[in-house]
Every structure is written in structure tokens, then in C-alpha cells.
Amino acid sequence: MIHIIYMAAGNSRRFGSNKLLYELDGKPMYRHLLDHLVEIKDRYNKLKSDSPVIDITVVTRYREILDYCSSILDCHAVLSPDSEKGISYTIKAGIMAVQEQKKTGMQDYYMFAVADQPYLKSQSVIKLIDRVLENTGGKQLAFSLRCGAAVGNPCVFHSSLIPQLLSLEGDKGGRSVAKKYDCVYVDIADERELMDIDTLSNSKHTVTL
């Protein structure tokens, strides 16, 4: 099973306002990728209705996002005030929320996706998921998207790496864990898909997902 942890708790310090709630092409930025992840989850789970393949947990500091997630079937959301201290707190909150649902297994994977990556296409996420599902026996432990020399999110970790992710501190993310292993890179063609929106100026684009 793949547990998607959607990290929607950023500080938006360089954006000038809460970028996750900034309206981009008719809806808040955080919804662009989240809505596609929900569609992807439903697609995979319908193919195997007896045993779900994917679930989604959203970690946020914002009531607006929490309220929206409450309207999504089979989407779990948690408030994480400590995420203000750094991304490691969001990662830990997501892992703990998944484990509290008692849906985890020894051969599960945790996919971390970020809410300020609205240009990421569904096809790229599906390509990454399919590569992970092909990894029978847990031979590879970390996966990530890549375009040329640019490496980006989502990043996926085998459950055996959870203790290392839980040991992260401050604003240190999972990339530092992936680098310790022979990370499998799934290549995509458009580098813009990997772009995080950090400032208002680089949000002025048309979204094509």
C-alpha cells in the first residue's frame, strides 16, 4: 500500500501571504495537486476494491484546508501547529497520523507530496506510483521524480526507512534520507512540473495538469 502524505503546512515567508490559499486558475493553489491525487487514489482503489492500494493523509496548519478535506471521501486530515518550526514536523505528523489509523504494513510505502507544486501532472504521479508498485519484495527503498539533473517531489520511502524520517529535525526534509540509498529516479520531460511556488512572481502562469 502507498500512503500519500500531502504536506500543506508551509509558512509562505517569501510569498508575502498564505500561498496555499492563493487563487490560481480559479481555485486555491493547494487544491490543484490535491484534487488530482484524490482522482488517482480513486482510480487505483477501484481496480482493487477488495484491498485499497492508496490512501491520502493531509497535514496542514490551516482550518480552510482541513475543512475542505473533510468533504473528500476517504481523505484523512490533521492539524499540525508545530509545522511552523520546519518541514520535519510536517513529515512526522503525517507518519504518525497514518500509523494511528492502523492501516500500515511492513511492505508499505510513504509518498510525500507538497501543496505548492501545482504544475505537477497526474501522468507523472502515476508513472512514479507504477514504478513503486513494481518494486516487489522491497528491493529499492527510495524513489523520486527527476527531469534531467533536477530532482523533485514527490518522494517515496519504503516503510523500513520510517525510523530515519522520524529522526529528522528542524527544516531538514526526507531528501537527506533518500541520498543515503540507491534512490530510483523516475524521469519526466517538463522541469516546470517540479517547481515549487515560492514567490508571487513565479505563480503567474497558466496551470496545465
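The values are calculated or read from the model by the stated rules, or taken from the named source; none is laboratory data. What you see is a predicted model; the values in this text were computed from it and never measured. Here the Cβ is made from the backbone with ideal geometry for all residues, glycine too, and neighbour counts use every protein chain on show.
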(request) State all residues of region 52-93 that are modelled with pLDDT under 95, out of contact with any Lys or Arg (no Cβ under 9 Å at 6 or more places or on another chain) and within 21 Å of Gln164 (Cα to Cα); if no residue qualifies, say none. (result) Lys85
(request) Would you check if there is a residue in region 173-189 being modelled with pLDDT of 95 or more, out of contact with any helix residue (DSSP H, G or I) (no Cβ under 7 Å at 6 or more places or on another chain), assigned to a loop (DSSP other than H, G, I, E, B) and of a type in the set (A, V, I, L, M)? (result) yes
(message) Exactly one of these conditions fails for Met111: (1) under 16 Å from the mean Cα position of the chain (by Cα); (2) at pLDDT below 95. Give me its number.
(response) (2)
(request) Kindly list, by first and then second residue, each pair from a residue in region 50-76 that is more than 19 Å from Ala93 (Cβ to Cβ) to a residue that is in a helix (DSSP H, G or I), limited to pairs with Cβ atoms under 6 Å and residues at least 6 apart or on different chains. (result) Pro52/Asn45; Val53/Tyr44; Val53/Asn45; Ile54/Lys41; Ile54/Tyr44
(message) With the structure loaded, tell me whether Gly152 is surrounded by 14 or more Cβ atoms within 10 Å (Cβ to Cβ), under 16 Å from Gly86 (Cβ atoms), in contact (Cβ under 8 Å) with a residue 24 or more places away in the chain and in contact with a strand residue (DSSP E or B) (Cβ under 6 Å, 6 or more places away or on another chain) or whether it fails that test.
(response) no
(request) Collect the residues in region 93-130 that are of a type in the set (D, E, K, R) and surrounded by fewer than 22 Cβ atoms within 10 Å (Cβ to Cβ), keeping them in residue-number order. (result) Glu100, Lys102, Lys103, Asp108, Lys121, Lys127, Asp130
